[in-house]
Amino acid sequence: MRLTTIQGFFKWLCRKYYITANPAADLELPKVEKRLPRQVLTAHEAEQILNLPDLSTPVGIRDRAMLEILYATGMRRKELVGLRLYDLDLGRGTVMIREGKGKKDRLLPIGQRAAAWLDKYLEEARAKLVVEPDERQIFLCVSGKGLTPGVLGNVVHEYVQRSGIGKIGSCHLFRHAMATLMLENGADLRYVQQMLGHARLNTTEIYTHITIQKLIEVHRLTHPARLPQGEMVAVCKDLEKSPASQ
């Protein structure tokens with residue numbers, strides 16, 4: 001970050017003719033380390049969280065709709081709270097994200113289930129939360145004002161904690177889950193890139209390293225050292241009896 005600032009400063013000095021040559025022009029920046037997400041939800045864990053909101057209240061319906069959208073699209077929390085009513089096309093099942101990361105727009109499918117929950121929220125709950133003048137933001141606080149990224153993060157984090165799945169996180173858990181599960185089910189990496197709004201494909205490629213369940217299944221089916229089921233049970237029993245396991 002500091003080296004980038006220095007580069008920018010010297011470039012500005014050259015542009016304003018304060019110096020004749022840029023001493024930072026050949027400065028090599030260290031590569032940013034690409035880290036695997038620490039926590040990734042399974043499909044079962046995601047469903048556990050999705051089923052927690054109290055649907056007898058407007059806020060509970062709102063929360064279920066938000067969780068469904070996060071899971072279906074993988075959008076960032078800032079993108080979700082920025083959604084306006086005119087960004088939705090429930091007939092086509094799409095949502096427009098305007099000026100996402102990098103100030104880029106992208107059109108995303110939201111899926112039938114998320115669309116149904118969003119429609120339920122708009123029909124049954126939003127009118128009970130909105131306060132005039134209506135600024136057309138889709139998701140609202142109990143005060144009637146638009147939800148903020150911080151409040152959204154706290155809401156999702158609380159549901160994750162209540163689920164008892166033993167994982168820590170908030171909105172990004174659903175972003176990681178969407179990308180990982182789509183890839184495990186055969187989605188092309190370029191489509192996942194479009195869903196996530198990544199400028200470069202190599203940013204999305206990190207998710208190819210965490211689709212371990214698919215790799216385990218392929219390994220089990222294709223590796224020559226695999227054991228038939230009955231033989232596997234016998235080996236496990238022998239291991240339990242061995243001195244090393246005592």
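Bear in mind that the values in this text are calculations on the coordinates, not laboratory data. It should be emphasised that the depicted structure is a prediction, and the values quoted were computed from it without experimental measurement. Note: ideal-geometry Cβ built from the backbone for every residue, glycine included; neighbour counts use all protein chains shown.
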Worksheet item: Sorted from fewest to most neighbouring beta carbons within 10 Å, what does the list His198, His44 look like?
Response: His44, His198
Worksheet item: With a 10 Å Cβ neighbour count serving as the proxy for reagent exposure, in which order, fewest first, do Val59, Val95 appear?
Response: Val59, Val95
Response to the item:
Quick note on Arg92, Arg98, Arg106, ordering by fewest other C-beta atoms within 10 Å, gives Arg92, Arg98, Arg106
Discussion item. Per residue of region 118-134, what does 6.51 cos²θ - 1.76 cosθ + 1.60 with θ = phi - 60° give for ³J(HN,Hα)? Whole Hz please, x for Gly and Pro, Karplus curve as stated.
Written reply: 5, 5, 4, 4, 5, 7, 10, 10, 4, 4, 7, 9, 5, 10, 6, x, 6
Worksheet, complete the sentence: With R₀ set to 51 angstrom, the calculated FRET efficiency between the beta-carbons of Lys11 and Met96, to the nearest 0.05, is 0.90
Fill in: Listed residue (Thr57, Ala72, Cys171) projecting farthest to the positive dipole end of region 43-209, Cβ model
Cys171
Discussion item. At 20 °C and a viscosity of 1.002 mPa s, what translational diffusion coefficient does Stokes-Einstein give for region 43-209, taking Rh as the Kirkwood radius over Cα pairs? Give it in µm²/s as a whole number.
Written reply: 132
Worksheet item: Residues with amide H under 5 Å of Leu140's amide H, sequence separation 5 or more or different chain, H placed in the peptide plane at 1.01 Å from N; which?
Response: Leu147
